[in-house]
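Here is the structure we will look at.
Please treat every number below as a calculation from the coordinates, not as lab data. Here the structure is a predicted model, which means the values were calculated and not measured. Please note: Cβ atoms are built from the backbone with ideal geometry, for glycine as well, and neighbour counts cover all protein chains shown.
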C-alpha cells in the first residue's frame, strides 16, 4: 500500500469510496453529504487543508484530511482532522496509523502543536483512537438549529 498527498477533490470524486465514508460517518444530526468542491480547493490553496490518500496500486482505498488553523487564545497552530476513513477490507494492515503518521509529519512542518479528532461515540474511529495515542479530553455536543 502507498500513501500519497492528494487533492481533496480526488477523494470526493471517488463516488464509491466517498459514499462508504458518508454512510459510516453520518451522525444522528449530520445533514446529508453535499460536497462543495470549490470550498475544498480554496482551503487547499490557502494551505489550510491537507489530504492524504491510501492506495492499493492506483486504487484509492482510504484518506485522511485535516484543517490547520491558529488558536487565538493560545497563539499557536492546531490541526483538526476533518475526515478519516479506510475501506473495511484495508483496516487490518496498519494503514490507519500510516495515514495519521503522514498527516502529523505534514502539519508538524507547518508548526502545528495540537491534533484534534472527533469520532462518533462507539464508532470504529472511536474504538481505535486510543491505540493511535489520542486522549479523550472533551465531548462534542450537537444541536440542530434549522
Gyration tensor (Cα only) of the chain to equivalent ellipsoid, semi-axes in Å sorted down, yields 21, 19, 18
Considering the zone a paramagnetic label at residue 75 would reach in this model (a point 7 Å from Cα along the Cα-to-Cβ line), which residues of segment 98-132 have amide N under 18 Å from it?
111-114
Taking the highest mean first, how do the peptides 99-110, 24-35 order by number of other beta carbon atoms within 10 angstrom per residue?
99-110, 24-35
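Roughly speaking, what is the stretch gain from residue 145 to residue 2, that is 0.36 nm per residue apart minus the C-alpha to C-alpha distance, in nm to one decimal?
Working: separation 143, 0.36 × 143 = 51.48 nm, distance 4.14 nm.
Stretched out fully, the residue 145 to residue 2 stretch lengthens by 47.3 nm.
Among DSSP bridges having both ends in the chain, what percentage is antiparallel? Round to the nearest 5.
Working: 23 of 28 bridges.
In the chain, approximately 80 percent of DSSP beta bridges are antiparallel ones.
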Under the 0.36 nm per residue contour assumption, what length would be gained going from the current alpha-carbon distance of residue 46 and residue 132 to full extension?
28.1 nm
